[in-house]
Amino acid sequence: MRIKRLLLTPLILARYGTVWPDQVVLPGSTHRVAINPRDDRAYKKLVMDSVRRRLSTPMVFWRDHVAHLTPSLCMDIGANYGECFAFGDYPASRCVAVEANPILVPYLERTRDAHPDAERIAVVSCLASEKDGGEGELFYTEKWTGGGSALRGDEYSQSARVPCRSMDAVAAENDPQAQGPLVIKMDVEGYEGRVLAGFSSLFARERAAGILEFSTTMLGKAGTPADAVFGRLAERFSLYLTFRRSRRLLPLADWAAFRRRFPAPHAHCDLAFFSDPTCIAPGWRVEEAA
């Protein structure tokens, strides 16, 4: 990353007036994201990518589907610096950014406060879990905040006790009628299966669209086998493989189709899911089934 950083220094200086900006402007948006530029994850994913006009697939998915569905509720679960929720507009939606890492919450609040729809955005500092109440332990390192997890690992230098919340409870607090569409993004480093266990209202929504990180190894470490998590989602939703920086969707009919695409023991990708095909935003191309 050091070589790329040096090569991009003139562009970063031209855009931000410093090589260590404490906020970035997302490509295609006027919204600002507050960051710690000494966090390698923030520098790589936000500072460097913004000057190269690069957007992650989850960011594009979020913006497109919030605009398409005009959801009553949007939930950015595992928000990190909030680059997904900061990318959208919420004139008629309630948006919730859920983040467990306590060192990121002040940045999220600054990002929220600078957003034109700030009054419709809530920052919830908690560990998304299958239960509502009590505390859990989050492991993280300030040098790369993107890897914070409820799963202990040798790569983590710090830990914190944080409240546990179910997404059913958080959703009910922010959208008590639960009558409109729902858009979610979930990236919780292997805890996705645990979160889904406490999110039954997601499966009851008439219209929903979401994208989540899917790591077979990390899901297994959390005690939620990947095939079981996949199967739970497939009971209600159509599942699709997404592709990096692309609006392509590859249908995955079942677990066997997933394994044909990823035969190795470890698979790591982003899966999109929809309650019905009309929830897919214009511009997203569905390819021939795997």
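At-a-glance table
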read-out	value
Residues that are among the hydrophobic types (A, V, I, L, M, F, W, C) and out of contact with any Phe, Trp or Tyr (no Cβ under 8 Å at 6 or more places or on another chain), drawn from the stretch 242-280	PHE243, ALA253, ALA256, ALA257, PHE262, ALA264, CYS279
Members of the stretch 159-185 found to be part of a helix (DSSP H, G or I) and buried (at least 21 other Cβ atoms within 10 Å of the Cβ), listed by number	MET167, VAL170, ALA171
Single condition ARG2 does not satisfy, out of (1) at pLDDT below 95; (2) within 19 Å of the chain's Cα centre (by Cα)	(2)
Which numbered condition GLU109 fails, given (1) crowded, with 17+ Cβ neighbours inside 10 Å; (2) in contact with a Cys (Cβ under 9 Å, 6 or more places away or on another chain)	(2)
Total residues in the stretch 64-82, condition closer than 19 Å to ASP113 by Cα and either touching a residue at least 60 places away in the same chain (Cβ under 8 Å) or over 9 Å from the mean Cα position of the chain (by Cα) (or both)	8
From ALA228, ALA222, residue being touching a Gly at 6+ places or on another chain (Cβ under 9 Å) and within 18 Å of ALA253 (Cα to Cα)	ALA228
Hey, PRO21 over 20 Å from GLY210 (Cβ atoms), at pLDDT below 95, over 18 Å from the mean Cα position of the chain (by Cα) and surrounded by fewer than 24 Cβ atoms within 10 Å (Cβ to Cβ) or not	no
Odd one out for TYR90, checked against (1) within 29 Å of ALA171 (Cα to Cα); (2) out of contact with any Asp or Glu (no Cβ under 6 Å at 6 or more places or on another chain); (3) in a loop (DSSP other than H, G, I, E, B)	(2)
Selection count, the stretch 260-275, where residues are under 21 Å from the mean Cα position of the chain (by Cα) and either part of a loop (DSSP other than H, G, I, E, B) or farther than 14 Å from PRO71 by Cβ (or both)	9
Residue satisfying condition, being assigned to a loop (DSSP other than H, G, I, E, B) and either within 26 Å of TYR156 (Cα to Cα) or modelled with pLDDT under 90 (or both), within set PRO106, PRO37, PRO116, PRO71	PRO37
Candidate set: the stretch 57-106, residues that are acidic (Asp, Glu) and touching a helix residue (DSSP H, G or I) at 6+ places or on another chain (Cβ under 9 Å); chosen: the one surrounded by the fewest Cβ atoms within 10 Å (Cβ to Cβ)	ASP89
Candidate set from the stretch 254-267 (those that are of a type in the set (D, E, K, R) and free of Cβ contacts under 8 Å to residues at least 24 places away in the same chain); member that is farthest from ARG63 (Cα to Cα)	ARG259
Some residue of the stretch 181-197 being at positive phi and assigned by TED's automatic domain parsing to the domain that holds PRO91	yes
Count - residues of the stretch 49-58 that are at pLDDT below 95, in contact with a Lys or Arg (Cβ under 9 Å, 6 or more places away or on another chain) and in a helix (DSSP H, G or I)	2
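The values are calculated or read from the model by the stated rules, or taken from the named source; none is laboratory data. Model, not experiment: these values are computed from the prediction. Positions of Cβ are generated from backbone atoms using ideal geometry, with glycine treated the same way; all protein chains shown enter the neighbour counts.
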